[in-house]
Structures are given as structure tokens and as C-alpha cells.
Amino acid sequence: MKTAISLPDPVFEAADNLANKYKISRSELYVMALDKFIRENQDTETTRQINEFIEMHGQPVDDLFTESSLRDMRKVEW
């Protein structure tokens, strides 16, 4: 899909320089940057949902992991 966007001159120039440095088109650079931004914000939303669940239901406990950790800690000389 083609679209037109407006960019401040310094941002355009920095993006152009970066695209030239990595020998990719500006379009490729913009796609990579926007894709990264989207993924990072999706991760933020996932983290928010996990935190909300824990706040409502408490921290899930893995009894097998807890037992294993306690067993390993008993082996350590303090």
C-alpha cells in the first residue's frame, strides 16, 4: 500500500542517512521502524494484561518449581 506522510526535515534527513548507511530504501527503513514500534507496543499491552490478571487473581505459584528451588537452596552452604 502506498501512503503519503509528512516528516520534519531533520527526521527525514536522519532516516535518509540511515537508509543509505544500511543500503536499504527509505520505505524499507520506515517499515522496519514502524513494525518494531508496533511489536514493542503489543508487548506492552500483553504485559499490562498479565499484570492485571496477577493483580486480580494473585501470582500463580508453580509448586514443582518451588519444591525444586527449595531443595537446591538446601544444598548451598551459607
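Any read-out appearing in this document is the output of simple, stated calculations on the displayed coordinates, not a laboratory observation. Predicted, not measured: the structure shown is a model, and the values here were computed from it. Ideal geometry is used to build each Cβ from the backbone, glycine not excepted, and the neighbour counts take in all protein chains shown.
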For this session: For GLY58, work out the one condition from (1) loosely packed, with under 10 Cβ neighbours inside 10 Å; (2) more than 25 Å from the chain's Cα centre (by Cα); (3) not polar (S, T, N, Q) it doesn't fulfil.
Result: (2)
Seminar exercise, completed: Residue hits (the range 1-24; charged (D, E, K, R) and either touching a residue at least 12 places away in the same chain (Cβ under 8 Å) or in a helix (DSSP H, G or I) (or both)) are ASP9, GLU13, ASP16, LYS21
For this session: Say whether the condition of being within 29 Å of THR3 (Cβ to Cβ), not in a helix (DSSP H, G or I) and not aromatic (Phe, Trp, Tyr) is met by at least one residue in the range 55-68.
Result: no
